[in-house]
Number of protein chains: 4
Amino acid sequence: MLLRVGCVCKKGHRFLLRAFSCGVAMAKSKFEYVRSFETDDTCLRNCYIVVRLDGRNFHKFSEQHGFVKPNDERALALMRRSAGCVMEQLDDVCVAYGQSDEFSFVFKRSTNWFKRRASKLMTHVASQFSSSFVFFWGEYFTHQPLLYPPSFDGRVVLYPSNRNLRDYLSWRQADCHINNQYNTVFWTLVQKGGLSTTQAEERLKGTVAADKNEILFSEFNINYNAEPQLYRKGSTLIWDTAEEVTTKKVKPANQSEREVHVTRTRKKITTHHCDIIGSQFWEEHPDILESD
Amino acid sequence: MLLRVGCVCKKGHRFLLRAFSCGVAMAKSKFEYVRSFETDDTCLRNCYIVVRLDGRNFHKFSEQHGFVKPNDERALALMRRSAGCVMEQLDDVCVAYGQSDEFSFVFKRSTNWFKRRASKLMTHVASQFSSSFVFFWGEYFTHQPLLYPPSFDGRVVLYPSNRNLRDYLSWRQADCHINNQYNTVFWTLVQKGGLSTTQAEERLKGTVAADKNEILFSEFNINYNAEPQLYRKGSTLIWDTAEEVTTKKVKPANQSEREVHVTRTRKKITTHHCDIIGSQFWEEHPDILESD
Amino acid sequence: MLLRVGCVCKKGHRFLLRAFSCGVAMAKSKFEYVRSFETDDTCLRNCYIVVRLDGRNFHKFSEQHGFVKPNDERALALMRRSAGCVMEQLDDVCVAYGQSDEFSFVFKRSTNWFKRRASKLMTHVASQFSSSFVFFWGEYFTHQPLLYPPSFDGRVVLYPSNRNLRDYLSWRQADCHINNQYNTVFWTLVQKGGLSTTQAEERLKGTVAADKNEILFSEFNINYNAEPQLYRKGSTLIWDTAEEVTTKKVKPANQSEREVHVTRTRKKITTHHCDIIGSQFWEEHPDILESD
Amino acid sequence: MLLRVGCVCKKGHRFLLRAFSCGVAMAKSKFEYVRSFETDDTCLRNCYIVVRLDGRNFHKFSEQHGFVKPNDERALALMRRSAGCVMEQLDDVCVAYGQSDEFSFVFKRSTNWFKRRASKLMTHVASQFSSSFVFFWGEYFTHQPLLYPPSFDGRVVLYPSNRNLRDYLSWRQADCHINNQYNTVFWTLVQKGGLSTTQAEERLKGTVAADKNEILFSEFNINYNAEPQLYRKGSTLIWDTAEEVTTKKVKPANQSEREVHVTRTRKKITTHHCDIIGSQFWEEHPDILESD
């Protein structure tokens, strides 16, 4: 700390002010050692960094806000919108996948965003997603006010190979399928079959996937596989390049004005509700993953 | 996974459904190995866990939303409100301290909330704070709409002793003082002194704390130490027990109705804008810290 | 990398040498990125750093080398000697405690040795202990050659408070007591009581500490508490300052030669076999621990 | 802890023994909470785990033990022997590479040895290597006794892809080349050129690889590339399968005795001093690495 030498202190109380201020600056440098307690949590290089968010107490939240069962279009759309906001604000998310009240964001393996610091990555994702969720709420829930600010927790997981990453996403999509199938039968039994939730639960105890489809088909004439892909497959957000054509009027010297078409390629987020367990999606979008 | 044995498949396409469903369940268990890539980030026991949030790009954010300089009462109140919301939702925060666009949350050293998992703790704090910030925006910024969802990043730091923790909080409060003093002079020079921001910056180059107070006092007749404590000391939120007296009407058998006063002690958050570097605050609130 | 410009290459094959050498240097810098995969494992400041070593497969090792049961004086002395060697070579170990085939080394909470890097600390302790164990083997096992190089594994544990550290050491000493008591009765039953190891095991099943002492006392007239402290309490190594008096002959000018006594205080390791669970030991050696 | 109820205490002092013993057992369980301070340091799955050891103060050690400069055959052979001992004792090391006073051990990416716990892996390697180094010393340094037990420090680094791992090994081999070339010229200037070590250092300042080869060739008629591969390339240890033919005498019933050849394939360590930067070595030994 620099101390101005020879300063004239005309008034006692100002001298005290000065002494006090210097004291605080000195104090600050004295306290600054506490920074050395921070730890480095850099993510291992050349690994995909996945940040997965989960809604906290969303079972209760969904009831309090009158979510349609088993799938609420508004809530799913709001989740997608918030996820898109994360992708736009945070660099280097190459793919995001969401279902139910969870969303996974995959940072590309070569990312150096925030120096790959795990805490920065996950808190920024959690924060941006949460503030977006509240911010855009009204656009989707036009007649249902938000009663209180919800919360999402997050975690970071690293995947060293493309195979591991794809298996991670497959795991989440398989989970989506299993839960959605269960929920579809369960709420059909309740809403159309007139069972209580306890009875529906009882009915489904011990059934395997095939049994559930059978119940839907033979009792309610519902072909599970004809249900919307959005419900069965979840939402996959990726970056696409889109050609954007704009028309400009130009007037060269000594010529009459005319229209010119300007084509720009621009990155934009696209949403897919298809299978990502098989190879087709990845073959159609070879730029998402980097080679091992 | 259980496979129902001997099931009769009357229709081919349903058999396919069944096979497909089983396949997905099998796939899920096949993919589940990816869970083993998650790492344990349990915080060392018997240490204070500090989660500090910082606004992302808040310089720009404050300009876009017309924050009053050097201190915007509305913004500071909204920060406090959001911090209070974090304390109410998340157990075991024993003290929180905020200034400018940052807020630190101290979990008590014996907390077992979320099994002391660093990622859960920091993402929940970041998420709850962010969603609250957007949720309560309108209460404080009545004439200024929120233009986009803001973001806060967070980190976790552990402090093993009471001394270390108090030094951490002192560091942040000393930082508050130094920044606020600079900002007060800087904006006074601009707003009252008619200097441009570049000129004000130039003028303050190389000055120490005492010089800044002198400028305020001799040129603008402002005694820095008489500035609101809120600006100079930041905000400290703690839990207090309050006695709550409610009046109930009771009518015992064979007696006439009468009023009864019921006293309950209830935990509630109180906000302080005092010095927390010295001992007085800690002596007056001996329950905040636990013995080493 | 610098490339010498304009070098004259008189002979083709030397040109190749040069090219090759440059190539390797270039290659090295090309490969050096792999260093960025190293992670920081700095131990949290202001915590005691404990490195505990355990012998690998020492049950088998002790049988192959004819260790006396239940306690082999030579092996215990060799363990102490190796531990002393660790303390002399590695700075800032303030106390070490050993029993059976394990030894714990406590680095003082303020140590900055190896920048508090956990990997450096534990590998150095493991390495120095192991090489010392082999190096000094012959001094203690004069008639029993070492058949193969043994191995010890290690781990690092941090303790934030003096209470936690003392509880750690108490835990190890209580473990020493419990194991030694069991082993003493077990081998007495085998060696003096003529039981097979299976019979001895059977006999002790379900007995508590008091029962074991009773067996020793009533059947073999052994008072467990009169057994050597070394066995019951393990070994605690600390630094002590010792006054060392040396005699020097000096001959001042114009005087006759005479002897002078030079007193130097020197740090040296002392070994204790006393209780370290209670307060007495710590009160008698107040310099071992630093204040919280 | 079980307390035997109704035990008959014939003698006062034995009752005290009993009470004391119970006390210690109780104490142990009371202290056991300290185990919860241990942290999980499991290595990320599907990554190669490299443990690299470095000699501590080996410059001084090599002088005190009269190592031949620039390369001591005995020391290098002892390093290889110790490394081989590590490979034999510790499962799942797929390749080890050593040069000078360092050795790297690569655990295969799928290893589950010691549950992939970093601390266990590195301390075991450091310990086994160090005890082997002392144990086998006399076999290589027949006329030079070991003066004191040496120490090696270790670290763990993870590599997610085959490319990264090969680049790591290439980095170490390029380092070997650069250091060995420097040392070869340096010691030639000193030993054959009659320069002091300071003069030799001065002479080499600013030279590039090509210059060094030129000095060797034109002044001492030494073709660096004809120097032993061991020095220039270091030592690579891998597992090979060897066919082992043993001859047994068998005597079938009612037949005369005859000899039978029994062929067994057995894993054994082989040592290579070849280039491992290029592809050839890896193509010739496709089993070392696992697919990404």
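We did not get these values from a lab; they are worked out from the coordinates using the rules stated. The structure presented is a predicted model; accordingly, all values stated were derived computationally and were not measured. Note that each Cβ is placed from the backbone with ideal geometry, even for glycine, and that neighbours are counted across all protein chains shown.
The table below lists the values:
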item: Burial ordering of C:Trp239, B:Trp171, fewest other beta-carbon atoms within 10 Å first; result: C:Trp239, B:Trp171
item: Radius, Kirkwood style, for segment B:48-173 when every pair of distinct Cα atoms is counted (Å); result: 15.0 Å
item: For the axis carrying chain D to chain B: nearest C-beta residue of D, whole Å; result: D:Asp40, 2
item: Cβ-vector label at 7 Å, B:Asn221, separations to other copies in nm; result: 8.8, 9.9, 10.4
item: Simple label model, 7 Å out from Cα along Cβ direction - C:His59 to B:Arg264, nm; result: 5.9 nm
item: About the Cα centre, charge dipole magnitude for the protein assembly as shown (Lys/Arg +1, Asp/Glu -1 at Cβ), debye; result: 0 debye
item: Shielding by partners - mean other protein chain Cβ count within 10 Å, residues of D:112-122; result: 3
item: Calculated FRET value between C:Asn221 and D:Lys30, using beta carbons and R₀ = 35 Å, to 0.05; result: 0.60
item: Proximal lysines to C:Lys251, defined as alpha-carbon separation beneath 18 angstrom and excluding residues fewer than eight positions away on the same chain; result: none
item: Pairs beyond 32 Å (Cα-Cα), from C:Lys120/C:Lys268; B:Lys30/D:Lys28; D:Lys30/D:Lys120; result: B:Lys30/D:Lys28
item: Charge dipole of segment D:111-257 about the Cα centre (unit charges at C-beta), most positive-ward option of D:Ser161, D:Asn179, D:Gly138; result: D:Ser161
item: Debye log10 I(q)/I(0) at q = 0.05, 0.08, 0.09 Å⁻¹ for the protein assembly as shown, Cα point scatterers; result: -0.50, -1.23, -1.41
item: Other-copy label distances relative to D:Glu290, 7 angstrom Cα-Cβ extension, nm; result: 2.3, 4.1, 4.3
item: Net charge dipole size for segment B:213-292 [Lys, Arg +1 and Asp, Glu -1 on Cβ; Debye, nearest 20]; result: 840 debye
item: Peptide ranges A:275-282, D:114-121, A:48-55 listed from the most packed, as the mean C-beta count within 10 angstrom indicates; result: A:48-55, D:114-121, A:275-282
item: In Å, descending, principal axis extents of the Cα set of chain C; result: 96, 73, 46
item: Two-site FRET efficiency, D:Leu147 against C:Asp91, from Cβ-Cβ distance with R₀ of 22 Å, rounded to 0.05; result: 0.55
item: Candidate aspartates and glutamates - alpha carbon under 20 Å from D:Lys60, same-chain residues fewer than 8 apart omitted; result: C:Glu88, C:Asp91, D:Asp72, D:Glu73, D:Asp101, D:Glu102, D:Asp153, D:Glu201
item: Label-zone membership for segment B:144-162, site B:Glu290, 7 angstrom Cα→C-beta point, backbone N under 20 Å; result: B:156-162
item: Dipole axis of chain C (+1 Lys, Arg; -1 Asp, Glu on Cβ), positive-most option in C:Leu216, C:Val51, C:Ser119; result: C:Ser119
item: Relative exposure of B:Val34, C:Val157, D:Val68, judged by other C-beta atoms within 10 Å (fewest first); result: D:Val68, B:Val34, C:Val157
item: Proximal aspartates and glutamates to D:Lys248, defined as alpha-carbon separation beneath 14 angstrom and excluding residues fewer than eight positions away on the same chain; result: D:Glu257, D:Glu259
item: Dipole magnitude of segment C:48-173 about its Cα centre (Cβ charges: Lys, Arg +1; Asp, Glu -1), debye to nearest 20; result: 540 debye
item: Solution diffusion estimate, µm²/s, Stokes-Einstein, segment D:149-255, Kirkwood Rh from C-alpha pairs, 10 °C, viscosity 1.306 mPa s; result: 87 µm²/s
item: Computed FRET value (nearest 0.05) for B:Thr271 with A:Lys248, which takes r as the C-beta separation and R₀ as 60 Å; result: 0.60
item: Crossing angle, helix D:162-191 versus chain D [Cα axis fit, 0-90 degrees, rounded to tens]; result: 60 degrees
